[in-house]
Amino acid sequence: MNQTQTQTTAAERDETLPPFGNYHLDHAYDEMFESASVPRAQYAALHQRVLDLSREEFVRRQKAADLSFLYQGITFTVYGDKAGTEKIFPYDLMPRIITGAEWSHIERGLTQRITALNMFIHDVYNDENILKDGVVPRELLASCKAWRKEMRGLKVPKDRYIHVVGTDLIRGEDGGFAVLEDNLRVPSGVSYMLGNRTVMKKILPVLFQRYSVRPIDDYTQYLFQTLRAVSPRALDQPTIVVLTPGVHNSAYFEHTFLARQMGVELVEGRDLVVHRDHVYMRTTAGLRRVDVIYRRVDDDFIDPEVFRSDSMLGVPGLFRAYQKGNVALANAIGTGVADDKAVYAYVPRIIKYYLGEDAILPNVETFILGEKKDREYALANLDKLVVKAVGESGGYGMLIGPHSTAAQREEFRAAINANPRNYIAQPTIMLSRAPCFVDGQVEPRHVDLRPYILYGDEVKIVPGGLTRVALKKGSLVVNSSQGGGSKDTWVLY
Amino acid sequence: MLSRVADSLYWMGRYLERTEGTARLLDEHLTLMLDIVPASAPMRWRRFLSSLCLDEVDRPGYDARDITREFTTDEENSASIRSCIAAARENARQVRDTLGAEMFEQLNRAYFFIREASFDAIWDEGPTEFLRRIRESACLFHGITDSTFSRNEGYHFIRLGCYIERALMTVALIDSYREFYSDSEEAASPTPEEHLDWITLLKCCTAFDSYRRRYTAEVKENCVLEFLLLDPDFPHSVRFCIDRIAEGLEIVGQNAPHRDRTSATRIAARLQADLTYGSIEEILAENFANHLSTLRQRCELIHEKVNAIFIEYPIERELARPSLGESGEFRMPSGDTLIRPMA
């Protein structure tokens, strides 16, 4: 259960080194230190606490935290690893702290962005104004894998498409927050956000109390209200379910967690049956009508009659029931059209188009390799850029230029030339660094932030999110499938 | 409650009961071996295997260490404690949204405990300590369930699983002693070694203390059998289990809208009546082996009925219920549009 990926051996480590003895600043924005050994105001108490606790005490608490996750079964399954391998999501004891002012900026920015993206999805499946006005090129959507022609003209409750969103934010060298990725399909990780907080309060209660941290515990209640808001039947207690691909899915823990926290049933495709365009679940008391499905199954797998016919996870006939308005799906089908990595480049223009406002949270500079000029620049600068396949997520299908070998670059060059529309490139973004407890020492590691946004009757964001950490020294990849971990994230008042 | 969830809870209950029962059987048999002449050990180990319904093949040797390994940490053996706990946990994992967090955590701890356990260490320390912890893990789970879990349908499906498994285990255990039963009315007093065997039988069901309070320290065959089959108050007696099963079926059946729910309650209630009003003299006067095998079949029939009524009922029957339609416009399906869930 070794959490850390460092190569340091005991012999190399100096036991007498002070806790921050290995902490060196570089050009990345440092979350904790303003300058060498001067912590930012919001980190001062944490800094002091680390100096007060002995190394042994920290190690002991880290172990207690790890065991707590293991016993609670807060684990994920690694694809491609030995079948059924459960791992805990590495957890770093040191919280990431965000000030109230920073947070209100993020909150405004995300609210603006989600509102605009929801309008965009509604528009491209209905009136197509933004395409007619030439703000987003029509061929860009036509070539988008996540585009679902079946959604054209389909009415969804309250015109809401993206009920649950997990937007990835990063902090550039100047300390400003920027959006790296919009996750509008089935974003995961919120259970770790909530689990981290629970464990934190048990493991470092004194420290926690010293800060005024804004609570996040009401997330599942808001999630429930968001889902209820889109029920096709106006009932006080509509039947809401969470649809999971099953126990072998890497996020299965999260599905069970959310169902339990909301007090609703967790169903698999085989528990549901569609009859005369209504959805029912198989209960011990017979069939019961289902109103809202929080589905954690991708579009492709949700209904074998309409999408992938080989899907064993879906529910035959579900889409017909959805079309007739007899069941609501969260998120809607086809929302991936707006978090496509190529569409991403247009989001600031999308915000301007629908809301007449400038984006509060900027994008990261992006080259669209389907466009000749951008492609030529990118191919000439592969060693400096991050290249991403637009259809992939989870850190797969990525080239990190400065860390790549010549062979890897040639492989990507060939792939880009074969299918340029499939790629975008971005400058290597220096993610900010936060202190992490690694092998008895505090060391800086790169982090990002994924806040969770709910959009039912209104946009609702619990303060904080999941701070993901690249635990490998120097690594910029924070995904759990690629050796990433996470931290509790504290938003102060 | 979802049918699939009810099914998993039921099996979780069965596997937990199996875990506890196996740990107790093994512990008592290891203790028994300390007292008897080595030559008679194979017969006792055969009986142990038979009480777990695993007596098909005769073995070349019966080594206590090998058998203990086989039934504790052996992953390959589907009847080992490790396999039973893994199966209980796997069922729990499939429905963990339904369970309380503490319940799952307890089961998860037991799973990691046995997964990390080294057999050599268990054997060197004496397996009793290990087996005690296993039994405690199961007891702790039931304790947490009793004090934290709402008495809803899910609770009753867990209990149904436990009691069906327990009834079957008690019947199999009694059956494994078949060579011991006297044919004549007047049994000879048992030899000291036989006496130990009877005590072991009682201890395998945690019945020794309760037996003595009920019948005094005199261990008699008909009293033992009466106690294990017919006692209304002792939690491992077959009657006690069937009483709880009948109650449980009555409760979970309340929601079932269809007529066939009575078929399960009827079987349980008839069995309950036989055990309530039967006498041990009558039972022993008949063919006892047949009696036990009928008991087992009736328990298995209850299991099948539970499955057929609550879990794997035909969708068509359900769709034929008029209440499913929108505002009463529902008509019998013509048969062409029936959509079935994936198998």
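Residue-by-condition table, conditions (1) under 30 Å from B:Gly253 (Cα atoms); (2) acidic (Asp, Glu); (3) touching a His at 6+ places or on another chain (Cβ under 9 Å):
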site	(1), (2), (3)
A:Val264	yes, no, no
A:Asp271	yes, yes, no
A:Ala332	no, no, yes
A:Lys341	no, no, no
A:Arg349	no, no, no
Test A:Met119 against the criterion of being crowded, with 22+ Cβ neighbours inside 10 Å and either aliphatic (A, V, I, L, M) or part of a loop (DSSP other than H, G, I, E, B) (or both), and give yes or no.
no
Just to be sure before I move on: is A:Gly195 of a type in the set (Gly, Ala, Ser), within 24 Å of A:Leu449 (Cα to Cα) and away from every other protein chain (no Cβ under 14 Å) in the structure I sent?
no
Selected residue (only one of A:Arg171, A:Arg96 is basic (Lys, Arg) and closer than 30 Å to A:Ala64 by Cα):
A:Arg96
Does region A:195-215 hold any residues that are crowded, with 19+ Cβ neighbours inside 10 Å and either touching a strand residue (DSSP E or B) at 6+ places or on another chain (Cβ under 6 Å) or at pLDDT 95 or above (or both), and which are they?
A:Asn196, A:Arg197, A:Met200, A:Val213
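Condition check ((1) in a helix (DSSP H, G or I); (2) surrounded by 14 or more Cβ atoms within 10 Å (Cβ to Cβ); (3) over 22 Å from the mean Cα position of the chain (by Cα)) across all residues:
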{"site": "B:Thr265", "(1), (2), (3)": "yes, yes, no"}
{"site": "B:Gln272", "(1), (2), (3)": "yes, yes, no"}
{"site": "B:Thr276", "(1), (2), (3)": "yes, no, no"}
{"site": "B:Gln297", "(1), (2), (3)": "yes, no, no"}
{"site": "B:Tyr313", "(1), (2), (3)": "no, yes, yes"}
Filter result (at pLDDT below 95 and crowded, with 21+ Cβ neighbours inside 10 Å) within region B:139-153
B:Glu153
Among the residues of region A:122-167, the number that are outside any helix (DSSP H, G or I) and buried (at least 20 other Cβ atoms within 10 Å of the Cβ) is 13
Taking region B:102-127 only, how many residues are hydroxyl-bearing (Ser, Thr, Tyr) and at the interface with another protein chain (Cβ under 9 Å from one of its Cβ atoms)?
0
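The values are calculated or read from the model by the stated rules, or taken from the named source; none is laboratory data. Being a predicted model, the structure only gives us computed values, none of them experimental. Positions of Cβ are backbone-derived with ideal geometry, glycine not excepted, and every protein chain shown enters the neighbour counts.
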